[in-house]
Amino acid sequence: MYYLKYRPQNIREISNQKRRELLIKVFSKTEDIPHAWLFAGPKGTGKTSTARIIAKILNCENNLFANKSKSPEPCNKCISCRSIEQNRFFDVYELDAASNRGIDDVRALRDQVAYSPTKGRFKIYIIDEAHMLTKEAFNALLKTLEEPPKFVIFILATTEPQKLPATISSRCLVLNFQKAQEEEIIDSLEQIIKGEKIKVKPTVLTSIAQRAQGSYRDAAKLLELAVESTDLSQTQVETMLQNNVASNSDELLILIFNKEEDKALKWLDEFAKAGGNSAWLIEELLNLLHNFLLYKKGILNEDEIFSKLKQVKINQISRLIKLLFIAYEQTKYSPVDILPLMIVVVEYNK
């Protein structure tokens, strides 16, 4: 997959200039390295990739931290760098808090912290979706965050930083990952097409960047889908993008509000068979519902779709929004991508 094959491997490959400058500033010296970081931002903006780069910086065998160079950049050639890149370095631990969220999981992690690194100079703990930890798990983690051994670094990554207790976030260096700018995404796509030796018109890259909604990962996935399913002409790529982001999601919204359950489920089934992305569809629906709320409050002018839904009340809009939020979270872990959305249709019609 392109997004895995071409994820940044060092500081200079990070597309966001502010993030590059901050990392260079922090790691230009080997003293006073923050022992706890909080990476906060939307999906696909480089949180996990940046965490792995930090792990390589601190454990590289040929850079500033190894007294072999004046640069903190990882060499990406030594055993440590290659092992971290391949996710098999004993001193880098990645924990998905969505599936390991309890106090027992954190206690097991806390027990490991006291032991010295096996291979590297630092032990790095990367906790993804950190906001999913339970209250008891956060309490168990707090003491370790306050006084970790000097060789331990914690990196918490989350799409919902507001859900983290203040006692946790206040002990971390917070690094915000905003949605990527269009030019930053185009830059990352250009690195992919250069590596794959394929020819793509700049206008095609621009279209993909615009549809990726600020996500490097989604942009890479769309480019790969375009390479696999089109001739990379502007017309075919635009058609592919239109199908994938569900530009006619207003049809589904009308079916849901009219409680036409069978037709809505058939619509979703056809959307999935056409290769549609459920997460993007939910985002499209939420954008529509956001505007619908504003229309109901007289803030937005009437739109064609809203004129077809005048019977819908604000509490109905609110209920559907809540169901879609739940489905959006479940889509990440569902073995059947479209299933959480189908459940929304069924639940709303109860």
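Quick note: the coordinates plus some simple rules give every number you see, no bench work behind them. Just so you know, these numbers come straight off a predicted model, no measurement behind them. In this analysis, Cβ positions are derived from the backbone assuming ideal geometry, glycine residues included, and neighbour counts consider all displayed protein chains.
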Margin query: With only alpha-carbon pairs counted, each pair once and no self-pairs, how large is the Kirkwood hydrodynamic radius of the range 249-348 in angstroms?
Written below: 13.7 Å
Item checked: For the chain: relative contact order, % (alpha-carbon pairs under 8 angstrom, 6 or more apart) -> 16 percent
Check: When the Cα centres of the range 52-67 and the range 291-350 are compared, how far apart do they sit, in Å?
Finding: 47 Å
Next item on the list: With the Cα gyration tensor of the chain in hand, give its eigenvalues times 5 under a square root as the equivalent ellipsoid semi-axes, listed largest first in whole angstrom.
Entry: 40, 26, 17
Note to self: Relative contact order of the range 167-294, please, whole-number percent, based on alpha carbon pairs below 8 angstrom and at least 6 residues apart.
What the structure shows: 20 percent
Notebook entry, point to check: Taking only C-alpha pairs under 8 Å that are 6+ residues apart, what is the relative contact order of the range 83-178 in percent?
Noted result: 31 percent
Next item on the list: Kindly express, to the nearest 10 degrees and within the range 0 to 90, the angle between helix 261-273's C-alpha long axis and the longest C-alpha principal axis of the chain.
Entry: 50 degrees
Notebook entry, point to check: Quick one: which of 108-118, 5-15 comes out on top by average Cβ neighbours within 10 Å, and what's the full order, highest first?
Noted result: 5-15, 108-118
Checklist line | Mean ellipticity per residue at 222 nm, deg cm²/dmol - from DSSP H runs of n ≥ 4 across the chain, formula -39500 (n - 2.57) | finding: -16000 deg cm²/dmol
Check: What number comes out for the charge environment of Glu61, summing +1 per Lys or Arg and -1 per Asp or Glu over other residues with Cβ under 15 Å away?
Finding: +3
Check: Over 21 Å between Cα atoms, which of Lys266/Lys296; Lys197/Lys221; Lys163/Lys297 qualify?
Finding: Lys266/Lys296; Lys163/Lys297
Note to self: If you fit an axis through the alpha-carbon atoms of helix 103-113 and take the longest principal axis of the Cα set of the chain, what angle between them do you get, 0 to 90°, nearest 10?
What the structure shows: 30 degrees
Next item on the list: Can you tell me the 0 to 90 degree angle between the C-alpha axis of helix 182-196 and the longest principal axis of the chain, rounded to 10?
Entry: 70 degrees
Next item on the list: Could you check how many percent of all C-alpha pairs in the range 182-244 are farther apart than 13 Å?
Entry: 53 percent
Item checked: Debye, to nearest 20: dipole size of the chain, +1 on Lys, Arg Cβ, -1 on Asp, Glu Cβ -> 1060 debye
